[in-house]
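The values are calculated or read from the model by the stated rules, or taken from the named source; none is laboratory data. Not measured: the values here are computed from a predicted model. Cβ placement follows ideal geometry from the backbone for every residue including glycine, while neighbour counts extend to all protein chains displayed.
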Amino acid sequence: MKKLILIRGLPGSGKTTRAYDICRILPTNNITVFEADQFFEGQHGYSWDRNFLSVAHNWCHDCTIKSLRDDNIAIVSNTFTRERELHKYFDLVKLFPDLVIEIIEMHTQYGSIHNIPVDTLTRMASDWETLTDLPPNVSITYVRPSTDQTITQVP
């Protein structure tokens, strides 16, 4: 059985930290983590460019496919504010019929390390969509700010 973990949340919600916590907890070394931010990291540090955002997301998707083909657990940690942004990952079941997908929603707010303007964060928060159209192979876990613990799981 193949596994894909999608971590969604606003910038500064702890997505990257959660992804690497999962890597430390799971009893396997066959885990890969992909984030659009990784695409923008280079020799000279982090250099985000809106013009390459769709390229960065396609890179994450392509890396995820390769990782699953190599029998790794793949973790993709991006904002995924809109449900449609997850659909191409849901469609991976066509390539991998035994794929199980877990979505982790981060509802904490620690502060963005990328100095994202408040108006951008506000816009992203207003764009946030509650997931309603999940395929049968997808479960969702919510992480709330008061405890930072998983409190609800919907199969």
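Observations on the model:
- As for region 61-75, it holds at least one residue that is among the small types (G, A, S), modelled with pLDDT of 95 or more and assigned to a helix (DSSP H, G or I).
- Verdict on S13 being closer than 17 Å to Y142 by Cα, crowded, with 19+ Cβ neighbours inside 10 Å and of a type in the set (G, A, S): yes
- In region 18-39, residue nearest to H87 (Cα to Cα) [restricted to those that are of a type in the set (S, T, Y) and touching a residue at least 40 places away in the same chain (Cβ under 8 Å)]: T32
- Hits in region 1-49 - residues which are among the hydroxyl-bearing types (S, T, Y), modelled with pLDDT under 90 and part of a strand (DSSP E or B): Y46
- Flag if L121 is modelled with pLDDT of 85 or more and either under 18 Å from Y20 (Cα atoms) or hydrophobic (A, V, I, L, M, F, W, C) (or both): no
- Pairing residues of region 78-89 that are more than 11 Å from I7 (Cβ to Cβ) with residues that are assigned to a helix (DSSP H, G or I), at Cβ distances under 8 Å and at least 6 apart in sequence or on separate chains, gives T81/M124; T81/D127; R82/D127; E85/H57; K88/H61; Y89/H61; Y89/T64.
- Qualifying residue in region 105-118 (condition: in a helix (DSSP H, G or I), of a type in the set (A, V, I, L, M) and modelled with pLDDT under 90): yes
- Entry remark, region 16-31: residues being farther than 24 Å from R123 by Cα and surrounded by fewer than 17 Cβ atoms within 10 Å (Cβ to Cβ) number 10 in total.
- Selection status of F52, free of Cβ contacts under 8 Å to residues at least 24 places away in the same chain and in a helix (DSSP H, G or I): yes
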